[in-house]
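Structure, as C-alpha cells:
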Amino acid sequence: EDKVVQSPLSLVVHEGDTVTLNCSYEVTNFRSLLWYKQEKKAPTFLFMLTSSGIEKKSGRLSSILDKKELFSILNITATQTGDSAIYLCAVQETSGSRLTFGEGTQLTVNP
Amino acid sequence: EAQVTQNPRYLITVTGKKLTVTCSQNMNHEYMSWYRQDPGLGLRQIYYSMNVEVTDKGDVPEGYKVSRKEKRNFPLILESPSPNQTSLYFCASSLSVRRPSYEQYFGPGTRLTVT
C-alpha cells in the first residue's frame, strides 16, 4: 500500500523565519510528487517533482526531490502571515490515476 | 473562468437518506476524481474516472457510487449515508493523466454531516 508521511504535522513560526517541510514516501510505482497549499478552501497546486536533485522554485517557495532516499522537502523563506496554511504532499503512481496524500503540515506564521 | 464546481457546498442529512453531490468542470478535462478529507487522515481518494464511462475505485470506495456519463460531470452518490461518511469532500479534475505532468484542479469542497 502506498504511503506518504509528512513532518512536522504542525509548525508555528514568526514572520521572516525560514521553514522546511518534509515529505517521505513509499510507493510501488513512482511517477511524481506534488505539493499543494490548502487555506480555508480547496488545495491549490504548488509544485510537481519528477526528477531527483532538480530544485523547483516559485518566489519564496522551493522544493526538491530525492528519489534514492524517497523524500522531498518544501522550503519557504522569509515567511509571511499569508503563508499560513496546510501544506499537502501527494505521490502519483505510474498510471497517473492515483494520488496518495500525506496528512499535511499545518503551518502558522505569526506577525 | 476555468473551474470545478460542486453542489451543494454544505449538507446536513440523516442516516439512510440517499444523496448526490454534483461535480462539474468546464475545462474539457479527461480525468476526474473524488476525495474525502478527515482530520488526521489527510485526503483520501474515493473514486476516479480516466474518461467518459471509465471509473475505478480509489482507496476508500465503500458506501459510495459514481458515474461518468458526460465528460464534464462526475457525481458522487451516497445510496445510504452513515455517520462515518461525515466529512469534507473534494472533487478534482485534470487534463489527462497520460501527459507527463498535470495539475489537478480542486473544487471548493462539500461539507457533509450525516446524523
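Values for this structure:
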item	result
Top of B:22, B:55, B:13 by mean-square fluctuation, Gaussian network on chain B, Cα under 10 Å	B:13
For chain B, Kirkwood radius (reciprocal of mean inverse C-alpha pair distance, Å)	14.1
Computed E for residue A:68/residue B:54 - FRET, C-beta separation, R0 41 angstrom, nearest 0.05	0.75
Length released on extending from residue A:77 to residue A:5, taking residue separation times 0.36 nm less the Cα-Cα span	23.7 nm
Order of A:77, A:28 under a 10 Å beta carbon neighbour criterion, fewest first	A:28, A:77
Sparsely packed trypsin sites (Lys or Arg not before Pro) within the range A:34-111, loop by DSSP, other Cβ within 10 Å at most 14	A:40, A:41, A:60, A:68
Dipole magnitude of chain B, debye to nearest 20 (Cβ charges: Lys/Arg +1, Asp/Glu -1, about Cα centre)	180
Paramagnetic label zone (point 7 Å from Cα along Cα-to-C-beta, residue A:55; backbone N under 20 Å) in the range A:73-88	A:73-80
Relative contact order of chain A, pairs being alpha-carbon contacts under 8 Å that are 6 or more residues apart, as %	38
Debye, to nearest 20: dipole size of the range A:3-110, +1 on Lys, Arg Cβ, -1 on Asp, Glu Cβ	320
Cα-based radius of gyration of the range A:3-110 once divided by 2.2 N^0.38 Å, which approximates compact folds	1.01
Potential extension, residue B:88-residue B:38 segment - 0.36 nm per residue separation minus Cα distance	17.3 nm
Whichever lysines have a C-alpha closer than 16 Å to that of residue A:57, once near sequence neighbours (fewer than 8 apart) are set aside	A:37
GNM top mover of B:46, B:77, B:12 - chain B, alpha-carbon springs below 10 Å	B:12
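Every number here is computed from the coordinates shown, using simple stated rules; none is lab data. Keep in mind that what you see is a predicted model, and the values were worked out from it rather than measured. Cβ: placed from backbone, ideal geometry, glycine included. Neighbour counts: every protein chain shown.
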